[in-house]
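Okay, structure first, notes after.
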Amino acid sequence: MTERTLTAPVSQAAPRSARAGLVLITILTCQLMLVLDITVMNVALPHIQVDLHFTPTGLSWVMSSYTLIFGCLLLLGGRAGDLFGRRRMFVVGVAVFTIASLFAGLAQTASWLIIARIAQGLGAAAAGPNTLALITSTISDAKARVRAFALFSAMSSGGFAVGLIVGGLLTEIGSWRLGMFINVPFGIAVTVLARRFIAEPERNAARLDLPGAITSTLGVAGLVYGFVRAASAGWGDPVVLTTLIGGALLVGLFLLVERRATEPLLRLSLLADGNRARAYANMFLGPMAMTSMFFFLTQFIQDVLGLKPLVTGFAFLPMAASIFAVSRVMPRLLPRFGPKVLVTAGTGLMVIGLVWLTQLGVTSGYFPTLFGPLLLMGIGGGLGFSPLNVIIMSTVPVRDAGAAGGALQTMQQIGSSLGLAVLVTVFGRVSATAIAHHESAGQVLVSGMTSAYVVAAGCAVASFIVALTFRRQGNSERTA
């Protein structure tokens, strides 16, 4: 097929350096907005349940409807950006997400909110993978790209903790609806800045791999839905088993399709590089361990320590601050030590932090039982995750940057969904035993969550083992 290059004009009003800064700010603001949307809603769930009359089971879909659509369409969104224009898909995704946020804030019924959350997931799946791709294709300087990826990691990891603070603040001063409305001005600003200052990278006019798109979307959707449903219905539920098995078979079929496709949705050659394949594995295992910490500690701080939502959010500041601090120095650390040393150290600190959390009790205070693990998890997350973005994206062919970014975020989303489903199941079984022994409500929560943290620590150990297998790189490769 004959290839032709398509580009879009960009305003020359701003100096080059100022434009580069605005491009990065625009991309990072989008990523922060997408991440905040998950945890902002988490703190507000009790208020949403009362206002819109959700059932206890139905309430979980306020979170799951967003992550389900987001997770299953990321690969498609990334490859669509490669083929149809990364800036175009980025702008369309942000616009859809922004409009959906407005409608979510105006929701008057439970079904209205769920539909709006699904639309938010659609927008996020279009914009999300193209954030990484735009960094790869628009920042050519190796050191500047490493700094950009480090800041991106800070937004991705620290944004979860910041979201708890923002969600608690907005819920206390106004309403959970503010958590949706706040996306609107930021979304408008990102859309305007992207259209003005982000150039459309070179792209090839080609057909989309429809068999790959269908099998990957349905396969990932089946897996994510199965993981989410398992948390409430249990692993023995027929629907859970059917969707997980069907999803796994479709993913297998997707890989077969990609091997034979002339223009694949995901080039399997992306996994040929050993370090990149290991980075993808850790981008799956790390969120399995990390997500549970937010989910269970939020409940522990409010239900056992008796703190309000806003204070609960601020309790996570040590983690957010340490992730950001480590990400800021990552451009200097990565060329000096290489990814193996940093990721190994980071995952090791995550293991220690999660093991420490298994010692929580109903009489535990914030210092040092919570402060210590949060600090370790923050430093560990910064060291363990920031290099992964660099490893995956910095050496990928520019034409496949969208697909690589989509695969990265797909692994992250599936890891989070699977990890939370497994840990909530463990929590439920242990809690049921504690209830049978007539333990107090606080003790029931603590017994369940500490058992879940044992499993989370196991996930972190697996991530640590993968980190030990990273290939050492020379200085020239580390910042490539």
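The values are calculated or read from the model by the stated rules, or taken from the named source; none is laboratory data. Quick caveat: nothing in here was measured; it's all calculated off a predicted structure. Here the Cβ is made from the backbone with ideal geometry for all residues, glycine too, and neighbour counts use every protein chain on show. Surface accessibility is based on the protein's heavy atoms, side chains included, excluding ligands, DNA and RNA. Shrake-Rupley method; radii C 1.70, N 1.55, O 1.52, S 1.80 Å.
Observations, loosely collected:
- Expected 222 nm ellipticity per residue - DSSP helices of 4 or more, -39500 (n - 2.57), all of the chain, to 500: -27000 deg cm²/dmol
- Distance histogram for segment 310-354 (every C-alpha pair counted, 5 angstrom bins, percent rounded to whole numbers): 5, 18, 21, 25, 16, 8, 5, 2
- Based on every Cα atom in segment 298-423, Rg and the maximum pairwise Cα distance Dmax equal 16.9, 55 Å.
- Rounded to two decimals, the Cα-based Rg/Rh of segment 404-475, with Kirkwood Rh, is 1.19.
- Computed as a quarter of the hull surface, the mean projected area of the alpha carbon convex hull for segment 180-277 stands at 10.4 nm².
- Fraction of C-alpha pairs exceeding 14 angstrom in segment 112-159: 62 percent, rounded to a whole number.
- Largest-first principal axis extents of the Cα set of segment 257-338 (Å): 58, 36, 17
- 1.4 Å probe accessible area per residue over the chain, in Å²: 40
- Gyration tensor analysis over the Cα atoms of segment 32-143 returns equivalent ellipsoid semi-axes of 30, 13, 11 Å (largest first, whole Å).
- Highest average first, the peptides 179-186, 109-116, 70-77 ordered by how many other beta carbon atoms sit within 10 Å of their residues are 70-77, 179-186, 109-116.
- Shape annotation for segment 81-156: C-alpha extents along the principal axes are 49, 29, 13 Å, from largest to smallest.
- Protein accessible area in the chain, 1.4 Å probe - carbon and sulfur %: 68
- For segment 98-241: Kirkwood Rh in Å [reciprocal of mean 1/r, alpha carbons]: 18.6
- A protection proxy built from the mean count of other Cβ atoms within 10 Å ranks the segments 342-352, 250-260, 236-246, 96-106, most packed first, as 342-352, 96-106, 250-260, 236-246.
- Annotation for segment 199-244 versus segment 343-369: alpha-carbon center distance of 33 Å.
- Over the C-alpha atoms of the chain, the Rg to Rh ratio, Rh being the Kirkwood estimate, stands at 0.95.
- Taking the Kirkwood radius as Rh and the Cα radius of gyration as Rg, segment 40-84 has a ratio of Rg/Rh equal to 1.22.
- For Glu200, the residues whose modelled amide H falls within less than 5 Å of its own, excluding neighbours fewer than 5 places apart on the same chain, are Ala8.
- In terms of its alpha-carbon gyration tensor, segment 375-436 comes out oblate; a/c meets the 1.5 threshold, while b/c is at least as large as a/b.
- Residue by residue, segment 33-42 carries 3J(HN,Hα) couplings of 4, 5, 6, 4, 4, 6, 7, 4, 6, 4 Hz when phi is fed to the Karplus relation 6.51 cos²θ - 1.76 cosθ + 1.60 (θ = phi - 60°); x denotes Gly or Pro.
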